[in-house]
Amino acid sequence: MDRGELERRLDRAAGFAEPRVALEQYPTPPDVAAHLLHFAAMQGDLADRTVIDLGAGTGVLALGAACLGPQRVIGVERDTAAIPTARENEARVDPTTPVAWLAGDAPRPPLCTDDATVVMNPPFGAQTGREGADRAFLATASDLAAVSHSIHNAGSHDFVESFAADNGGTVTHAFRVQLALGRQFEFHDADRREIPALAARIEWD
Ligand code: SAH
């Protein structure tokens with residue numbers, strides 16, 4: 001499936017029914033999800049692989065990966081209220097590979113593997129005063145994954161590089177992405193905001 005078709009499919013996915021600010025629930029925009037997943041596919045990181053989406057939320061990353069020929073896809077999400085949305089989105093996106101949706105805490109994942117591909121758009125912690133909230137997600141990726149694709153705060157390049165270096169990882173690619181987020185929480189004063197962010201591909205020992 002080409003990137004344009006992937007983006008059109010992901011555009012069918014609904015957002016969070018009741019977004020929870022404490023969990024930083026923002027759906028990954030379809031263009032960014034398609035960009036990241038198309039790139040992952042070009043790197044050979046999706047076909048015939050076990051793909052795990054940590055903090056799966058509305059399921060966009062898991063569902064996009066499931067359109068690109070993986071062996072299996074697992075979405076892990078702490079908020080059980082989001083899982084029905086992800087299931088509905090699965091029916092809308094209609095991927096070729098079914099997704100297993102698991103309720104669980106990303107830092108203590110309900111899974112055991114070390115050669116998966118992890119895809120994730122974790123909480124950044126910027127809004128909740130918990131800067132570095134993505135650290136625990138990266139630690140889980142280092143345990144579960146041979147390779148990960150993740151989205152971080154724009155300013156976290158050095159943090160991601162040093163975290164990877166300290167945990168048996170190598171950042172092979174890093175590129176800027178723009179997250180166009182719709183108005184979701186009451187404290188948002190604009191209808192649409194562009195958040196600059198960083199996408200990283202990390203190979204883990
Ligand atoms: N990738 C998803 C959601 C991104 S927002 C999408 O595109 O819709 C971050 C997600 O991480 C939210 O769904 C939030 O509920 C989830 N999350 C936050 N802390 C978590 C944790 N400790 N374990 C699992 N999921 C968590």
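The values are calculated or read from the model by the stated rules, or taken from the named source; none is laboratory data. Owing to the predicted nature of the structure, the values given are computational and were not obtained by experimental measurement. Glycine gets a Cβ as well: all are built from the backbone with ideal geometry, and neighbour counts include every protein chain shown. Remember, those area values only see protein heavy atoms, side chains included, never the ligands or the DNA or RNA. Shrake-Rupley method; radii C 1.70, N 1.55, O 1.52, S 1.80 Å.
Assorted remarks:
- Computed magnitude of the charge dipole of the range 46-205 (debye, nearest 20; Cβ of K, R +1, Cβ of D, E -1): 280 debye
- Under the Karplus curve 6.51 cos²θ - 1.76 cosθ + 1.60, θ = phi - 60°, whole-Hz ³J(HN,Hα) for the range 45-62, x wherever Gly or Pro sits: 8, 10, 4, 6, 10, 7, 10, 10, 9, 8, x, 5, x, 6, x, 4, 5, 4
- Rolling a 1.4 Å probe over the heavy atoms of the protein chains gives the chain an accessible area of 46 Å² per residue.
- Here the accessible area is traced with a 1.4 Å probe on the protein chains. For the range 60-103, carbon and sulfur cover 49 percent of it.
- In the chain, a dipole from Cβ-located charges (positive for Lys and Arg, negative for Asp and Glu) runs towards its positive end, and of 101, 89, 69 it is 89 whose Cα lies farthest in that direction.
- Dipole magnitude (debye, nearest 20) for the range 1-120, charges at Cβ of Lys, Arg, Asp, Glu: 140 debye
- By the equivalent-ellipsoid construction on the alpha carbon gyration tensor, the chain comes out with semi-axes of 22, 21, 16 Å, ordered largest to smallest.
- The modelled label-to-label distance for the pair residue 178/residue 17, using points 7 Å beyond Cα in the direction of Cβ, is 3.3 nm.
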